[in-house]
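Below: one structure, written as structure tokens.
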Amino acid sequence: MDLKSMTMEELEACITGLGEKKFRAGQMYQWLHEKLVEDYDQMTNLSQTFREKLQDQYPLTKLKMLEMQESAIDGTRKYLFELSDGNVIESVWMKYHHGNSVCISSQVGCRMGCRFCASTLDGLERNLLPSEMLEQIYGIIRHTGERVSNVVVMGTGEPLDNYDNLLRFIQLLTAEKGQHISQRNITVSTCGLVEKMRQLAEEKLQITLALSLHAPTDEKRRELMPVANKYSLKELIPTCQYYFEQTGRRITFEYSLVAGVNDTEEEAEELIALIQHLNCHVNLIPVNPIKERNYRQSGRDNILRFKNKLEKNKINVTIRREMGRDIDGACGQLRRRYTLQRKGE
Ligand code: SAH
């Protein structure tokens, strides 16, 4: 395993195995996860020979920043990073009044196949390591010089399809000697892998789980999300209830509104009937059109009508503000443009 993906205990075991004193692990952990140094050479309280040994046996995970786009409208930034194997991933930095938020990718590509999503068009390449998820945040902190208070795992990939690495990532991100981000400030978004959602519930973390619902019936959902062929709403909704019972955390439902597809009053009513009994919050997202598909955003009036209907039935609902509309905004678009250009297509 790479050193930056190790917990403190694992780091201790690793370096005592290399003949070093156990307390050095604390120093190293702090260099890596709090001070965010990029090279062993910067770990000035370690001996030269030990640093060389580490460089030899445990080369550090690094991401190379290839591109940064900044929105002239709201200051949102999109970053494109290159991994050591040449793959590229994207991450987003958003400034809110309550602090800075980073949206990270959890996989290179995705195999879930949601129809409206650009990240899945070329399938899954590989899982990201915990260190590669962390480095997206660390790279952005180094670049902006600002703290990050919120992390959302809503970039490319299905986080619950990379479960073990995701959990390790959360453990490292929340560790006291690292960035020490509160679990409550972390959101993980899933397309709805039922077994993994149950498993996550049993970890009893205080993170927010967001479920990409996008339709109130199985039939409609299957049109948009192939994963709905595997798990029906009959299983999914009780799993959301279970998550709440186990963790005390209310579920967020994400619902991307697509004109003429899932935005009618009837669908709002079906949605109400489906989730009314749950302690939840609904996030309405005007779909972000991608050029490979002809999905269009619902009109402003439709979005408001949909929202009002939910509110009248006492469901918490917000319309997600669209950030960075002038940059390659939708999930996976920046990465896709870059890889296609590189391949000369
Ligand atoms: N795989 C996870 C997390 C990544 S996608 C999931 O499915 O939840 C993050 C969110 O963005 C999901 O709700 C996804 O459905 C939504 N999304 C993807 N492409 C979109 C687009 N073009 N417009 C609006 N929402 C989109």
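No value in this document is a laboratory result; all are computed from the given coordinates. These numbers come from a predicted model, not from an experiment. Glycine gets a Cβ as well: all are built from the backbone with ideal geometry, and neighbour counts include every protein chain shown.
For this structure, a couple of remarks:
- Distance histogram for the stretch 36-123 (every C-alpha pair counted, 5 angstrom bins, percent rounded to whole numbers): 3, 11, 14, 16, 15, 15, 12, 8, 5, 2, 0
- Taking every alpha-carbon pair under 8 Å whose residues sit at least 6 apart, the stretch 1-56 reaches a relative contact order of 22 percent.
- Kirkwood analysis of the Cα pair distances in the stretch 222-278 returns a hydrodynamic radius of 12.8 Å.
- Computed about the Cα centre, the dipole magnitude for the stretch 54-138 is approximately 260 debye when only Lys and Arg (+1) and Asp and Glu (-1) carry charge, each at its Cβ.
- MRE, 222 nm, helices only [DSSP H, n ≥ 4, -39500 (n - 2.57), over the chain, to nearest 500]: -11000 deg cm²/dmol
- Taking Glu202, Glu254, Glu158 in turn, the Gaussian network model of the chain (Cα-Cα springs below 10 Å) assigns the largest fluctuation to Glu202.
- Positive dipole terminus of the stretch 104-194, leading residue within Cys117, Val153, Ser106 (C-beta point charges): Val153
- Computed from the C-alpha gyration tensor, the three semi-axes of the ellipsoid equivalent to the chain are 37, 22, 18 Å, from longest to shortest.
- Size descriptor, Kirkwood hydrodynamic radius, that averages inverse alpha-carbon separations across the stretch 1-87, Å: 14.7
- Around Thr16: net Lys/Arg minus Asp/Glu count, Cβ-Cβ under 13 Å: -1
- Size descriptors for the stretch 287-345: radius of gyration and Dmax over Cα atoms are 16.1, 52 Å.
- Length available on full extension from Arg337 to Arg184: 0.36 nm per residue minus the Cα-Cα distance, which gives 51.7 nm.
- Residue-wise HN-Hα couplings along the stretch 82-90, as the Karplus relation 6.51 cos²θ - 1.76 cosθ + 1.60 with θ = phi - 60° gives them from phi, are 9, 8, 5, 8, x, 5, 10, 9, 10 Hz; Gly and Pro carry x.
- Lys309 sits among other residues whose Cβ lies under 12 Å from its own Cβ, and their net charge, with Lys and Arg +1 and Asp and Glu -1, is -3.
- Dipole magnitude of the stretch 272-345 about its Cα centre (Cβ charges: Lys, Arg +1; Asp, Glu -1), debye to nearest 20: 60
- Among Asp41, Asp122, Asp301: highest mean-square fluctuation, GNM of the chain, C-alpha pairs under 10 Å: Asp301
- Pairwise Cα separations in the stretch 203-345 fall into 10 Å bins from 0 onward with the following percentages, short to long: 10, 37, 34, 15, 3, 0.
- 15 Å tail of the calculated P(r), the stretch 72-151, as % of Cα pairs: 59
- Rg over Rh [alpha-carbon atoms, Kirkwood Rh] for the stretch 124-164: 1.00
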